[in-house]
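Down below is the structure, laid out as structure tokens.
Read-outs: derived from the displayed coordinates by stated rules, not from any lab. Not measured: the values here are computed from a predicted model. Methodologically, a virtual Cβ is constructed for each residue, glycine included, from the backbone with ideal geometry; neighbour enumeration extends over all protein chains shown.
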Amino acid sequence: MTEPELPIRGGCLCGAIRYEISRVPAATAVCHCRDCQRTTGSAFAPVISVGQRSFRLTSGEPRIHELAGDSGRRVRRFFCGDCGSPLFGRPDAMPRAVNVLVGTLDEPDWFRPEMALFCGSAWSWVSIPDTPRALPGMPEAVPE
Ligand SMILES: [Zn+2]
Ligand SMILES: [Zn+2]
């Protein structure tokens, strides 16, 4: 991938929630799962996976929606209670990771997906990017 400028900053549509990421993401992906489609209202979700220690909120307190993920384990999705923007997710299956939706970054254009996840539920007109790894579900090894 191309390298982002650090710190990476982003936030929700209304600006109430702001965050900062101090390190280059451990992984970049597009996720075609139905939950990402529902929460973003879109065909797929571009996401970056960052370590929880390199992620911090700089303003606001997101609301949390909990559900059971594909693995049956809990996934917490964080969103702005004022404008409704989905911001990031914390799956229990990846306890040290924060999965940030790339559309919420201030400068998203450096992003290139290294993986395509849950390709089994990709919409038929969507062409899976030519990534090294196009996976039917989640990767085996998850970043810290
Ligand atoms: Zn907001
Ligand atoms: Zn997903």
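Brief remarks on what is shown
- Label-point gap, in nm, between Arg23 and Ser42 - each point 7 angstrom along Cα→Cβ: 2.6
- Here the contact order of region 14-121, divided by its residue count and restricted to Cα pairs under 8 Å and six or more residues apart, works out to 32 percent.
- Potential lengthening between Arg56 and Ala16 on full extension [0.36 nm per residue; Cα-Cα distance subtracted]: 13.0 nm
- For the chain, a Gaussian network of Cα nodes joined below 10 Å ranks Leu117, Leu67, Leu105 by mean-square fluctuation, and the top entry is Leu67.
- Inverse of mean 1/r across different Cα pairs in the chain, Kirkwood, Å: 15.2
- Low-density loop cleavage sites - trypsin sites (Lys or Arg not before Pro) in region 1-73, where at most 16 other Cβ are within 10 Å (DSSP): Arg23, Arg73
- Neighbours of Pro4, meaning other residues whose beta-carbon lies under 15 angstrom from its beta-carbon, give a summed charge of -4 when Lys and Arg score +1 and Asp and Glu score -1.
- Sites Asp106 and Arg133, calculated FRET efficiency, Cβ-Cβ separation with R0 35 Å, nearest 0.05: 0.80
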